[in-house]
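The values are calculated or read from the model by the stated rules, or taken from the named source; none is laboratory data. Fair warning: this is a prediction, and the values are worked out from it, not measured in the lab. Glycine gets a Cβ as well: all are built from the backbone with ideal geometry, and neighbour counts include every protein chain shown. The accessibility values were calculated without ligands, DNA or RNA, using every heavy atom of the protein model including side chains. Shrake-Rupley method; radii C 1.70, N 1.55, O 1.52, S 1.80 Å.
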Amino acid sequence: MAATGSAVGLGNIWKFPYIAGENGGGAFVLIYLVCIFLIGVPIMMAEVMLGRRGRRNPVDSMKHLAEETGHSPLWKFLGWIGVTAGFLILSYYSVIAGWAISYVFTTASGAFTGANAALVGNHFDELTQSPFTLIFWHSIFMLITMLVVARGIEGGIEKAVRFLIPSLFVLIIVMVFYAMTTSGFAEGVRFMFSSDFSKISTEGVLKAMGQAFFTLSIGMGAIMVYGAYLPKDISIAKASFSIAIADTAVAVLAGVAIFPIVFANGLEAGSGPGLIFVTLPLAFGNMAFGAFFGTLFFILLVFAAWSSSISLIEPAVAWVIENKGVSRVKASIALGFFTWFIGLGTVFSFNEWSNSTLFGKTFFDLLDYLTSNIMLPLGGVLMAIFAGWLMKKSASHDELAVSKRAYTLWRFLVRYVTPVAVLLVFLNAVGVFS
Ligand code: PHE
């Protein structure tokens, strides 16, 4: 349950629709789905397994597992890539989650009732143009994240996730029904599911793969840490599959709810990170009981982001506690403050620094690109290589406890398919094949 809470978050509802929109829709969605099941699920199984055998924070788990099997302790650097990726992601994740908190209040105030595209667009621009407001909400989100992390993550999350994910699911279905009543439904669905491969760039393929890692929370140790808390009698394969299915369902349905609104209102599918913040309020503004559903929706979105943000920072906090002899509270305060500070770069990316770019990317874009498209796939593949090539066959067979056929398939996927696929996507993105 906690891992599902980690997986389902802003990645599904905010990020998936906006990058699918920027990368032409259908072909992107198809590549993303292939990556989830061919690369994502096997790597998730590997990551949970490494966590359950390592039973420590990702850095020390990797070191321990490497030494145990007679390999170099330098494998701990794999843990380091993950820990770094985690708090870099959290630094911007918190800023976006802050937008969602602010939308809870705006929607509840009835400000979107009867709104048109211009009004919601203006509201979003006004919000993102104000560094002060963004810092305020970013601070609130970091505060609530670190509050849970400081108290220790067991217990509460699982209970919360148990009602959170189903409720979120129901509300997204409500949105899909609303989308069906708009004039853009057919076009929206076509946009999502008709694969025109001429619309996707080599970089788009990399982004689809990066999104698969991001949305499943794999490649950085979040799932490894939860694996470390996983009892021995739980099936890793079943858990990984059901997480992937729930996660994919939320993302795809979010897309089906959002794109019809985009087309019905003459909006731009590729308008970027603001996409859900300018489409969903339009829906809430024009449907029955919209202010109620809208407020509830943004509250659930904040909770979903919350159950993900905790897992982004937990590997770093666990490492500090286990290595520096600092209390959980102190570790949380220090790391939380550091993450908050880096988040200011993302805040300014939308206003003061929106014109300062490197390789055509703002600080936020760069951070997102580096973590999702490079660090997570790299971390994930190294985990697959470790689990597939370095770990003893008897050990992984024992951990996974699946049928012989399923085990053979998994091992083939982590040993050959995932490393080769990720390598090809990397080479393709830097232009080797074009
Ligand atoms: N999977 C989360 C989401 O979709 C984000 C995340 C990434 C969380 C990596 C933990 C680790 O929102």
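All but one of (1) under 20 Å from the mean Cα position of the chain (by Cα); (2) open to solvent by 60 Å² or more (accessible area, probe 1.4 Å) hold for Leu312; state the number of the condition that does not hold.
Leu312 satisfies every listed condition except (2).
Quick test of your reading of the structure: Gly204 fulfils all but one of (1) open to solvent by less than 10 Å² (accessible area, probe 1.4 Å); (2) within 16 Å of the ligand (Cβ to nearest atom). Name the failing condition by number.
(2)
For Tyr226, all conditions in the list (1) modelled with pLDDT of 90 or more; (2) crowded, with 24+ Cβ neighbours inside 10 Å hold save one; what is the number of the exception?
Condition not satisfied by Tyr226: (1).
Read through the list (1) closer than 22 Å to Asp365 by Cα; (2) away from the ligand (no atom under 16 Å from the Cβ); (3) open to solvent by less than 30 Å² (accessible area, probe 1.4 Å), then give the number of the only condition that Gly26 fails.
With respect to (1) closer than 22 Å to Asp365 by Cα; (2) away from the ligand (no atom under 16 Å from the Cβ); (3) open to solvent by less than 30 Å² (accessible area, probe 1.4 Å), Gly26 is out only on (1).
Is one or more of the residues making up segment 109-121 in a helix (DSSP H, G or I), closer than 24 Å to Ile310 by Cβ and in contact (Cβ under 8 Å) with a residue 12 or more places away in the chain?
no
Can you tell me which residues in segment 211-259 are within 13 Å of the ligand (Cβ to nearest atom) and outside any helix (DSSP H, G or I)?
Ser217, Ile218, Gly219, Met220, Gly221
With the requirement that a residue be buried (at least 24 other Cβ atoms within 10 Å of the Cβ) and not in a helix (DSSP H, G or I), what does segment 1-22 give you?
Selection gives Val8, Gly9.
Is it the case, given these coordinates, that Ala331 is closer than 26 Å to Thr107 by Cβ and surrounded by 20 or more Cβ atoms within 10 Å (Cβ to Cβ)? Outline the logic, then answer.
On the way: closer than 26 Å to Thr107 by Cβ: no; surrounded by 20 or more Cβ atoms within 10 Å (Cβ to Cβ): yes.
For Ala331, the condition - closer than 26 Å to Thr107 by Cβ and surrounded by 20 or more Cβ atoms within 10 Å (Cβ to Cβ) - is not met.
Looking at Ile96, Ile81, can you tell me which residue is open to solvent by 20 Å² or more (accessible area, probe 1.4 Å), within 15 Å of the ligand (Cβ to nearest atom), under 28 Å from Ser139 (Cα atoms) and among the hydrophobic types (A, V, I, L, M, F, W, C)?
Just one listed residue meets the conditions, Ile81.
Do we have Ala212 as surrounded by fewer than 18 Cβ atoms within 10 Å (Cβ to Cβ) and closer than 25 Å to Val381 by Cα here?
no
Would you mention how many residues in segment 229-255 are open to solvent by 20 Å² or more (accessible area, probe 1.4 Å) and either over 18 Å from Phe16 (Cβ atoms) or out of contact with any Ser or Thr (no Cβ under 7 Å at 6 or more places or on another chain) (or both)?
Just the residues of segment 229-255 that are open to solvent by 20 Å² or more (accessible area, probe 1.4 Å), to begin with: 229-235, 238-239, 241-242, 245-246, 249, 252-253.
Those left that are additionally either over 18 Å from Phe16 (Cβ atoms) or out of contact with any Ser or Thr (no Cβ under 7 Å at 6 or more places or on another chain) (or both): 229-235, 238-239, 241-242, 245, 249, 252-253.
Number satisfying all stated conditions: 15.
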